[in-house]
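Enquirer: Sharing a structure, written as structure tokens. Questions coming.
The values are calculated or read from the model by the stated rules, or taken from the named source; none is laboratory data. Being a predicted model, the structure only gives us computed values, none of them experimental. Using ideal geometry, Cβ is built from the backbone for each residue, glycine included, and neighbour counts are taken over all protein chains shown. Note: areas computed on protein heavy atoms with side chains; ligands, DNA, RNA excluded. Shrake-Rupley method; radii C 1.70, N 1.55, O 1.52, S 1.80 Å.
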Amino acid sequence: MWVLPELALTGYEFFDTTELRRYVEDVSGGSSVAWLLALAAERGAVMVMGLAESAGDRVYNTAVVVGPEGLVGKYRKLHLFDREKALFHPGDDGLQTFDIRGVKIGIMICFDWIFPEVARTLALRGAQILCHPSNLVLPYCQKAMFARSVENGVFTITANRVGVEERVGRRFVFSGNSQILNPRGESLAQAGSETIEAKVVDIEPEAALNKEITSANHLFRDRRPTFYGLE
Ligand code: ACM
């Protein structure tokens, strides 16, 4: 499985919706999805990649899951960051898991990390691996993903942009440091903050099925939702 960043092929910052519209695509017929489908078939791999999805007159910040047999599914970012709110429509088709050869994966996009409910919901729905295409500008997400891994007992894969974009009178420095963490929050792979890198690791996804912390503690069964009550 390959995990690529959020808005992987377009860049992150757009002047306005008119410019953004030049780069959007319908996930079932777009050119970068076609490219990804060919790559997935050639490599016998599953790809997770962020793109700007057009659906009618709406544009979503979306990630697609593509396998050798075709499009597996997509996730539309629920929590838009800052100026994204002026460009994209917030996700409206929820949090799903996708079955990849018997392993369940979930997708969250960049700023979704700051809402622990996203990772929790995906994990409660059985996700063993959280794929996290990102264009991170805040410095602390990678540390927070340690908690997302540990509190949910899942693998997390944060694939983040590097470099600088200077547009619309704003300057974004993307923080890189892509990482893969296991369900105990241990680092399996760590990229640098400035160079483009790909990291490859072997994992045993079954490790994410064990939610026991001690013989008396279970990550999910010990939850006390009756007492969490607030919306
Ligand atoms: C972000 O959500 N791209 C910061």
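Enquirer: Would you kindly identify the strands (runs of 3 or more DSSP E) lying entirely within the range 1-113 that contain at least 1 residues that are farther than 30 Å from P205 by Cβ and more than 16 Å from the ligand (Cβ to nearest atom)?
Expert: On the way: elements: 47-55, 58-67, 70-76, 97-100, 103-107.
Filter on the range 1-113 gives 47-55, 58-67.
Enquirer: Quick check, is N152 touching a Phe, Trp or Tyr at 6+ places or on another chain (Cβ under 6 Å) and of a type outside the set (A, V, I, L, M, F, W, C)? Spell out the reasoning first.
Expert: Numbers: touching a Phe, Trp or Tyr at 6+ places or on another chain (Cβ under 6 Å): no; of a type outside the set (A, V, I, L, M, F, W, C): yes.
Answer is no for this residue.
Enquirer: From the set of residues in the range 191-228 that are open to solvent by less than 60 Å² (accessible area, probe 1.4 Å) and among the small types (G, A, S), which is nearest to V173 (Cα to Cα)?
Expert: From the range 191-228, those open to solvent by less than 60 Å² (accessible area, probe 1.4 Å) are 191-193, 201, 203, 205, 207-208, 211, 218-220; that's our starting set.
Right, trim to among the small types (G, A, S) and you get 191-193, 207-208.
Details: A191: 16, G192: 14, S193: 10, A207: 35, A208: 33 Å.
For the range 191-228, the residue satisfying everything is S193.
Enquirer: Find the residue count for the range 22-38, including only residues that are touching a residue at least 12 places away in the same chain (Cβ under 8 Å) and surrounded by fewer than 14 Cβ atoms within 10 Å (Cβ to Cβ).
Expert: Filtering the range 22-38 down to residues touching a residue at least 12 places away in the same chain (Cβ under 8 Å) leaves 23-28, 30, 32-33, 36-37.
Next cut, surrounded by fewer than 14 Cβ atoms within 10 Å (Cβ to Cβ) only: 26, 28.
Qualifying residue count, the range 22-38: 2.
Enquirer: Among the residues of the range 134-160, write down those that are open to solvent by 40 Å² or more (accessible area, probe 1.4 Å) and touching a strand residue (DSSP E or B) at 6+ places or on another chain (Cβ under 8 Å).
Expert: Going residue by residue through the range 134-160, those that are open to solvent by 40 Å² or more (accessible area, probe 1.4 Å) are 137-140, 143, 146, 150-151.
V137, L138, P139, F146 - these are the residues of the range 134-160 that are open to solvent by 40 Å² or more (accessible area, probe 1.4 Å) and touching a strand residue (DSSP E or B) at 6+ places or on another chain (Cβ under 8 Å).
Enquirer: Continuing with this model, one more query. Quick check on Y60: is it closer than 18 Å to H132 by Cβ, without any contact (Cβ under 8 Å) to a residue 40 or more places away in the chain, surrounded by 15 or more Cβ atoms within 10 Å (Cβ to Cβ) and out of contact with any Phe, Trp or Tyr (no Cβ under 8 Å at 6 or more places or on another chain)? Spell out how you get there, then give the answer.
Expert: Working: closer than 18 Å to H132 by Cβ: yes; without any contact (Cβ under 8 Å) to a residue 40 or more places away in the chain: yes; surrounded by 15 or more Cβ atoms within 10 Å (Cβ to Cβ): yes; out of contact with any Phe, Trp or Tyr (no Cβ under 8 Å at 6 or more places or on another chain): no.
In short, no.
Enquirer: Would you please name the residue that is farthest from V65 (Cα to Cα), looking only at residues in the range 151-165 that are more than 12 Å from the ligand (Cβ to nearest atom) and in a loop (DSSP other than H, G, I, E, B)?
Expert: G153
Enquirer: Which residue, of I203, I196, is under 18 Å from L7 (Cα atoms) and outside any strand (DSSP E or B)? I'd like the intermediate steps shown before the answer.
Expert: Details: I203 fails: under 18 Å from L7 (Cα atoms).
Residue meeting the stated conditions: I196.
Enquirer: Another question, then. In the range 89-110, which residues are open to solvent by less than 20 Å² (accessible area, probe 1.4 Å) and not aliphatic (A, V, I, L, M)? Give the steps one after another, and end with the answer.
Expert: Start the filter on the range 89-110 by keeping residues that are open to solvent by less than 20 Å² (accessible area, probe 1.4 Å), which leaves 91, 98, 105-110.
Once the filter is applied, which keeps residues that are open to solvent by less than 20 Å² (accessible area, probe 1.4 Å) and not aliphatic (A, V, I, L, M), the range 89-110 yields G91, F98, G106, C110.
Enquirer: Being more than 13 Å from the ligand (Cβ to nearest atom), of a type outside the set (S, T, Y) and part of a helix (DSSP H, G or I) is the filter here, so list the residues in the range 128-150 that pass it.
Expert: Of all residues in the range 128-150, those more than 13 Å from the ligand (Cβ to nearest atom) come to 128-131, 143, 145-150.
Adding the requirement that they be of a type outside the set (S, T, Y) leaves 128-131, 143, 145-148, 150.
Of everything in the range 128-150, those that are more than 13 Å from the ligand (Cβ to nearest atom), of a type outside the set (S, T, Y) and part of a helix (DSSP H, G or I) turn out to be K143, M145, F146, A147, R148, V150.
Enquirer: Given the condition of a type outside the set (K, R) and farther than 28 Å from R224 by Cβ, answer yes or no: does some residue in the range 114-132 qualify?
Expert: First pass over the range 114-132, keeping only residues of a type outside the set (K, R): 114-119, 121-124, 126-132.
From what's left, farther than 28 Å from R224 by Cβ: 131.
Yes, the conditions are met somewhere in the range 114-132.
Enquirer: Identify, please: which residue in the range 114-127 is open to solvent by less than 10 Å² (accessible area, probe 1.4 Å) and not in a loop (DSSP other than H, G, I, E, B) and is, among those, farthest from the ligand (Cβ to nearest atom)? Let's see the steps before the verdict.
Expert: Filtering the range 114-127 down to residues open to solvent by less than 10 Å² (accessible area, probe 1.4 Å) leaves 118-119, 122-123, 127.
Restricting the remaining residues to those that are not in a loop (DSSP other than H, G, I, E, B) gives 118-119, 122-123.
Details: V118: 12, A119: 15, L122: 17, A123: 20 Å.
Within the range 114-127, the match that is farthest from the ligand (Cβ to nearest atom) is A123.
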